[in-house]
Amino acid sequence: MSAQTMISVGLLTLVGLVAGMVIFLASRFLPKEDKSLEEVARIKEFLPGADCGACGYPGCFAYAQAVAKDQQLFVNRPCPTLAPDEEGMRRLEDYLGLKANNKVGRKAVVHCTGESEALADYRGINTCQGAAQVASGHKECPYGCLGLGDCVAVCPAGAISINNERKIAIIDWETCIGCGLCVSACPQNLIELMPANMPQYLGCNYQAARDIVGRNRCPDGCIHCKICVKVSQEGEVSWDEIKDLPAFDKECCLTATAAIEKCPRHIIKKTAAYREDLNHP
Amino acid sequence: MHSFTKNFLRGIIRSNPTFILLLGLCPTLAVSTSLDNAVGMSVAFTCVLLASNIIISLIRNHVPVRVRIPVFIVIIATLVTIVDLMLQGFIPALSKSLGMYIPLIVVNCIILGRAEAFASKNSTTNSIADALGIGIGFAWAMILISLIRQLLGTGKLDLFGRHLFTVPGLGDNPVAIFLLPMGAFFVIGVLLALFRWMGVSTGE
Amino acid sequence: MSNLIDIFFGMALVNNLVLVKFLGLCPFFGVSKKLGSALSMGVAVLLVIVVASAVTWPIFHFLLVPYGAEFMRTVIFILVIASLVQIIEMTIKRTNLTLYNALGIYLPLITTNCAVLGITFINIDQAYTFSESIIAALGAGAGFTLVLIIMSGIRERLDMADPPLAFKGTPIAFITAMFLGLCFLAFRGIIR
């Protein structure tokens, strides 16, 4: 065997041995393999997969990973998008063997009835963001919904549609998954996330603090009479001093039947979660 | 004998590595600038494929499953080194024009793929047939592409230093883009579309 | 310093791995259908190329050359690269599951990727120093990722387009690569 052959064979053996050694050492000294990868994948199957971030984690995989590590998380903070889906929640609860608390979930509402007239014929950039830059929009009410569909574009569940007569966005309560993307998409800050069992919402966003002189409001708008607060008996309606609008109790989601009836502008609207039998006299 | 012919013929048309399996495109497109390169590369490739299929099918029952792939890779790498050195010694001009694409045969998906999918599971005679079939399939694909590229790109056809013919008109004004990498993409894209139009289904 | 910048942009744009040197074509056409997977693949390739260059350069210059065994480089390099990928995959899998979920599955595909072995050879053939090799590897990986991202963006659009039936799928992707390559030809003038 010539020297050259021996060198070649020797080098190859050496490199092979070193490589094998490094792999072995890495395998020994790295943190143990997280067997939960399969577990995480299995939990992820039960989740909606919308990656909306409503749970506070960057995506469904991250939430599944957190739950795999600490199942208590599911009890205290169930996936808000999954929560309204009873069937889906039940399957995940059966799999984990746990029951989740406050499974309420959230829904988005548009605080506008759209009765405001158009101030002018808008021909600019065809997005709400663009229209809102031009003198707070092309409707009489400077806070109203402009109906150009920025929220429709971002909704992953397809729950928003534009009513073409009144030019406002309407969110379908049942379809909405409460991810909150529309909230940030609306330049007028018209959309708000409510707990899914909130029985009513206010159809107006007029906040006097941002008043614009000379602009009329719509025939529907809130007149700040505070009758709703006066007739509420169990504190279901309170007054938000900063916005100068009524505020509903988000903790207990009490039904404000009296306020709904007594509002002179009839702009406290019932949601799909309104229940006749939960009336408070 | 029947299985020998079957395996042999399959590699040429039905499982053509370049047009059907879409494997090993790197060397195919890179060296197909001239007919010399194409022939040289095909021969080198077929030699390596043949030798590796034979060796792997011979030792297939003695290799533990977990170290299968590294063992195959080392065997193929050794064979490629042998072929590379022989080429450098005996046909240095070809070795220079093929450049680093000869050593890159070792990571050619075709060879490792055939070793993994076929040679490690079938008898030696069938493996030989498969290797020859795939090799010829690779060869005719390469030759076709380089024919088109050289004819359109230089207007002349040369084989091993002997001038074969010149396309009238193109000899002075060749379409140089076909010699560039972009031309290779174009040629193979059109050829794939042509084969599909003719009814041959490609592996997607 | 200007030499390093030359090398970086040279490898990334002028001698782009995929469009000029034909290295790494298999993942280029296989993985470039969605933007997310293209980005993951690009980053994985970048990582492996840089680490592989960093490890193979010293092995070549301090182990193979002194013993006159340059011809062994094919075998030694591929062995080193295969082990490296194994180690990187194991490390990522055990330390950061989210990262593993994002790009771990692409790592085994990179072992037999011509790009990695090709770059290590180029480093030797061009007689780069160690720092030049690292910069070349960074440039090559960056160029690869760039082209992969552009390609995947185009292919997502192509899905909705309507090419002739024979061209649908891979053939039109090749034609697209041709146009992309033509655009990259414009970069030829940036290094002397």
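Among the residues of the stretch C:150-166, count how many are buried (at least 16 other Cβ atoms within 10 Å of the Cβ), away from chain B (no Cβ under 14 Å) and over 13 Å from C:T176 (Cα atoms).
First pass over the stretch C:150-166, keeping only residues buried (at least 16 other Cβ atoms within 10 Å of the Cβ): C:150-152, C:154-155, C:158, C:166.
From what's left, away from chain B (no Cβ under 14 Å): C:150, C:152.
Now restrict to residues that are over 13 Å from C:T176 (Cα atoms): none.
The total comes to 0.
Write out, first by first residue and then by second, each pair whose Cβ atoms fall under 9 Å of each other, whose residues are 6+ apart or on separate chains, and whose first residue, in the stretch C:57-74, is away from chain B (no Cβ under 12 Å) and on the phi < 0 side of the Ramachandran plot while the second is surrounded by 15 or more Cβ atoms within 10 Å (Cβ to Cβ) and not in a helix (DSSP H, G or I).
Qualifying pairs under 9 Å: C:W57/C:Y128; C:L63/C:A69.
Out of the stretch A:7-48, which residues are assigned to a loop (DSSP other than H, G, I, E, B) and within 10 Å of chain C (Cβ to nearest Cβ)?
Within the stretch A:7-48, the subset assigned to a loop (DSSP other than H, G, I, E, B) is A:30-35, A:47-48.
Matches in the stretch A:7-48: A:L30, A:P31, A:K32, A:E33, A:D34.
When you check A:I267 against the structure, is it in contact with a Ser or Thr (Cβ under 8 Å, 6 or more places away or on another chain) and at pLDDT 80 or above, yes or no? Don't jump to the end; show me each part of the working.
Working: in contact with a Ser or Thr (Cβ under 8 Å, 6 or more places away or on another chain): yes; at pLDDT 80 or above: yes.
Here the answer is yes, as A:I267 does meet what is asked.
Specify which of the listed residues (C:N96, C:N113) is surrounded by 24 or more Cβ atoms within 10 Å (Cβ to Cβ) and not basic (K, R). Steps first, please.
Details: C:N96 fails: surrounded by 24 or more Cβ atoms within 10 Å (Cβ to Cβ).
Just a single option satisfies the conditions, and that option is C:N113.
Could you list, in sequence order, the residues of the stretch A:75-113 that are of a type in the set (A, V, I, L, M, F, W, C), at pLDDT below 80 and not in a loop (DSSP other than H, G, I, E, B)?
A:V75
To keep it simple, each residue is scored yes or no on (1) at pLDDT 85 or above; (2) in the same structural domain as A:A247 (by TED's automatic domain parsing); (3) touching a Lys or Arg at 6+ places or on another chain (Cβ under 7 Å); (4) part of a loop (DSSP other than H, G, I, E, B).
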site: A:A131; (1), (2), (3), (4): yes, yes, no, no
site: A:C145; (1), (2), (3), (4): yes, yes, no, yes
site: A:A157; (1), (2), (3), (4): no, yes, no, yes
site: A:I162; (1), (2), (3), (4): yes, yes, no, no
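For the stretch C:89-104, give me the residue count where each residue is β-branched (V, I, T) and modelled with pLDDT under 75.
First, the residues of the stretch C:89-104 that are β-branched (V, I, T): C:91-92, C:95, C:98.
Retained after the next criterion (residues that are modelled with pLDDT under 75): C:98.
Of the residues in the stretch C:89-104, 1 are β-branched (V, I, T) and modelled with pLDDT under 75.
I need a count of the residues in the stretch B:11-34 that are more than 27 Å from C:A115 (Cβ to Cβ) and in a helix (DSSP H, G or I). Quick ask: steps written out before the conclusion?
Going through the stretch B:11-34, the residues more than 27 Å from C:A115 (Cβ to Cβ) turn out to be B:12-14.
From the residues that got through so far, the ones that are in a helix (DSSP H, G or I) too are B:12.
Going through the stretch B:11-34 one residue at a time, the tally reaches 1.
Just to be sure before I move on: is C:L23 assigned to a loop (DSSP other than H, G, I, E, B), touching a residue at least 24 places away in the same chain (Cβ under 8 Å) and not aromatic (F, W, Y) in the structure I sent? Explain how you work it out, then say what you get.
Details: assigned to a loop (DSSP other than H, G, I, E, B): yes; touching a residue at least 24 places away in the same chain (Cβ under 8 Å): yes; not aromatic (F, W, Y): yes.
Judged against the criteria, C:L23 is a match.
Picking from B:I56, B:I12, which residue would you name as being in contact (Cβ under 8 Å) with a residue 40 or more places away in the chain, farther than 30 Å from B:K156 by Cβ and more than 12 Å from chain C (Cβ to nearest Cβ)? Steps first, please.
Values: B:I12 fails: farther than 30 Å from B:K156 by Cβ.
Going through B:I56, B:I12 in turn, just one is in contact (Cβ under 8 Å) with a residue 40 or more places away in the chain, farther than 30 Å from B:K156 by Cβ and more than 12 Å from chain C (Cβ to nearest Cβ): B:I56.
Conditions (1) farther than 13 Å from A:M198 by Cβ; (2) hydrophobic (A, V, I, L, M, F, W, C); (3) outside the structural domain of A:A196 (by TED's automatic domain parsing), marked per residue:
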site	(1), (2), (3)
A:D220	yes, no, no
A:I227	yes, yes, no
A:K230	yes, no, no
A:D240	yes, no, no
A:D244	yes, no, no
A:A258	yes, yes, no
A:R265	yes, no, no
A:K269	no, no, no
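Name the residues in the stretch A:190-241 that are surrounded by fewer than 19 Cβ atoms within 10 Å (Cβ to Cβ), of a type in the set (A, V, I, L, M) and modelled with pLDDT of 80 or more, would you?
Of everything in the stretch A:190-241, those that are surrounded by fewer than 19 Cβ atoms within 10 Å (Cβ to Cβ), of a type in the set (A, V, I, L, M) and modelled with pLDDT of 80 or more turn out to be A:I223, A:I227, A:V229, A:V231.
Considering only residues that are modelled with pLDDT of 80 or more, under 14 Å from A:V109 (Cβ atoms) and surrounded by fewer than 19 Cβ atoms within 10 Å (Cβ to Cβ), which ones fall in the stretch A:246-264?
Residue satisfying the conditions is A:A247 alone.
The values are calculated or read from the model by the stated rules, or taken from the named source; none is laboratory data. Note that the structure is predicted; figures quoted are calculated from it, not measured. Virtual Cβ from ideal backbone geometry, glycine too; neighbours counted across all protein chains shown.
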